[in-house]
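Below: the structure, in structure tokens.
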Amino acid sequence: MSSSLISDSEKQNKLVWIWTECKEVMIASVERGWNTFIFPSESRFRDLATEWSSIALIHPLFIEGSEISNMQNQVVARLCNVCSPEDLLFIQPHEQTNDLVINFKGEWQVIPAENLVAAFQGCKRTVLAVTTNSSEAQVFLEALEQGLGGVVLKVDDIGEVFALNSYFDQQNEVRNLLSLTRATVTRVQVVGMGDRVCIDLCSLMRPGEGLLVGSFARGLFLVHSECLESNYIASRPFRVNAGPVHAYVSVPGGKTCYLSELQAGKEVIVVDRNGKQRNAIVGRVKIESRPLILVEVKENMSNEMYSIFLQNAETVGLVCPCEDKSTKTVIPVTSLKVGDEVLVRVQGAARHTGIEIQEFIIER
């Protein structure tokens, strides 16, 4: 769940060191603000570090045995190879003051990384893990949710630098509040049957949270999850009954996709009524024929019109503006009436494969 006790600063302050012999990887890394590079201590690698230092502002570090030193031969970190559970027992949080670089040599990585996160919480020493790709790096950075203090990306493939940077971009995007605006309901009409999509996430949602969905990408409604209790059916806080197959849904990277395109493993954006967002993985998608209801609204500031189709059921609702703690969180579509206010996300209309573009477009 999003109810984490981990601060944003803890999530942001992740170190990335680069271990490479590829000049293109070095340049791409420096362009993304990663300028600490690890080299073996042999003379040819010291020459390489000197050459690169003439091209870009980098901080070279050199490995000799278990010590990692800077250009002034000061030990700044220690390298520990972990091949077995016994190796972990020798890594103690308060034994020394130097940072640690862990090189996992065995088949097990996730559980050992989680053990290190637990052992070093509250410790001033930073623990980094050597990784050979961005997917593995993500595992280390998210171990026990808090993650290790950073990663050493050991690659000669520039694509892995781009991929890791995209991961951090997504993490930064989640910290930004989305702007939601009020819209007034102008029409509610039962329209007949259609193929609607239920999205079951691998995460739980709380009251006030849902997905941004709409018939037009320019105006997406905050459709509430099924987390609320009722007398007739158990709550399903992992589910959003999102609408028919043609509708757009907001996904990471400022993009949209059709509900019909979602499948297990894809990511969507969960948003609350204050605009706080987080990414969630789709665990299952169910498409079934159900009775639909059409909702049209007028955005209060610009008088722009937006619409959405939803299943005509009491468990499907739209999130309301937040006035105070006494204000209801959601209005079921079965109770929705002209004049009610709901929240919408207003953005660019034109899309190409889900990416916002600038072009002339008319949608009705």
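The values are calculated or read from the model by the stated rules, or taken from the named source; none is laboratory data. Note that this is a predicted model, so its numbers are computed, not measured. Remember, those area values only see protein heavy atoms, side chains included, never the ligands or the DNA or RNA. Shrake-Rupley method; radii C 1.70, N 1.55, O 1.52, S 1.80 Å.
For the cross-link pairs LYS14/LYS105; LYS276/LYS298; LYS14/LYS286; LYS124/LYS154; LYS298/LYS328, which exceed 27 Å when the distance is taken from alpha carbon to alpha carbon?
Over 27 Å apart, Cα to Cα: LYS14/LYS286.
Report, to two decimal places, the Cα Rg of segment 176-301 normalised by 2.2 N^0.38 Å (N = number of residues).
Working it through for segment 176-301, the quotient is 1.02.
Per residue, how large is the accessible surface of segment 139-233? Use a 1.4 angstrom probe and give square angstrom.
42 Å²
Quick one: in the chain, what % of C-alpha pairs are over 38 Å apart?
For the chain, the share of Cα pairs beyond 38 Å comes to 34 percent.
Taking a probe of 1.4 angstrom, what is the accessible area of GLU267 in Å², to the nearest 10?
Only protein atoms counted, so the area is about 70 Å².
Before anything else, pin down the relative contact order of segment 175-318: Cα pairs under 8 Å, at least 6 apart, normalised by residue count, whole percent.
35 percent
Go ahead and estimate [θ] at 222 nm for the chain from helices alone: -39,500 (n - 2.57) per DSSP H run with n ≥ 4, summed, over the residue count, rounded to 500.
-5000 deg cm²/dmol
Of LEU48, LEU292, which has the most accessible area and how do the rest follow, probe 1.4 Å?
On the way: LEU48 35, LEU292 10 Å².
The ordering from most to least exposed comes out as LEU48, LEU292.
When the accessible area of the chain is split by element with a 1.4 Å probe, what percent falls to carbon and sulfur? List each step's numbers first, then the result.
Values: 8960 of 18190 Å².
Roughly 49 percent, rounded to a whole number.
Can you give the angle from 0 to 90° between the axis of helix 43-53 and the longest principal axis of the chain, with both taken from C-alpha atoms, to the nearest 10?
For 43-53 against the chain, the angle is about 50 degrees.
If MET26, MET305 are ordered by their accessible area, calculated over protein heavy atoms with a 1.4 Å probe, which sequence runs from highest to lowest? Let's see the in-between values first.
Numbers: MET26 0, MET305 80 Å².
Output order, biggest surface exposure first: MET305, MET26.
So for segment 22-108, Kirkwood radius off the Cα pairs, Stokes-Einstein at 4 °C and 1.567 mPa s: how many µm² s⁻¹?
90 µm²/s
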